[in-house]
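Before any comments, here is the structure.
The values are calculated or read from the model by the stated rules, or taken from the named source; none is laboratory data. These numbers come from a predicted model, not from an experiment. Ideal geometry is used to build each Cβ from the backbone, glycine not excepted, and the neighbour counts take in all protein chains shown.
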Amino acid sequence: MLLSPLLGAAACSWTPLLVALVPRLVPSSVTGTASGLANAIWQLGSVLVPLAVGAVFSATGSFDAAFITLAAGPVLAMLVTLPVRDNARRRNGVHTLPQKKPSQRPPVV
């Protein structure tokens, strides 16, 4: 219970990062799709995680088992993203994201 405010702060601080980074990481032609997919996954987790934690608590009667279930998601995400390589450039010892080139869209007639 003491860590609940930290969990809320972490959840609220993730949203601006998601909104700011997705358009910089994908081509402009799929920015809306990528943002929508990221948001859909986030919202799906917001629905499924409480159900899973509640089911574990109901089955075991143990808050420890419920909290271990809650921690399984971030641990699984960490393991899945471990092999991902960072293709961003490093300039002067500062980590920066690659800049997107302006899209070459044909003029609308």
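Summed over region 31-87, the residues that are within 22 Å of T15 (Cα to Cα) and among the β-branched types (V, I, T) give a count of 9.
Just the residues that are of a type in the set (G, A, S) and surrounded by 12 or more Cβ atoms within 10 Å (Cβ to Cβ), please, taken from region 12-35. Spell out how you get there, then give the answer.
Residues of region 12-35 of a type in the set (G, A, S): 13, 20, 28-29, 32, 34-35.
Listed by number, the residues that qualify are S28, G32, A34, S35.
Looking for something assigned to a helix (DSSP H, G or I), over 18 Å from L70 (Cβ atoms) and modelled with pLDDT under 80 - is there at least one such residue anywhere in region 5-14?
Here is the first cut: in region 5-14, the ones assigned to a helix (DSSP H, G or I) are 5-14.
Add one more test, that the residue is over 18 Å from L70 (Cβ atoms), and what stays is 13.
If we keep only those that are modelled with pLDDT under 80 too, we end up with 13.
Scanning region 5-14 turns up at least one residue that is assigned to a helix (DSSP H, G or I), over 18 Å from L70 (Cβ atoms) and modelled with pLDDT under 80.
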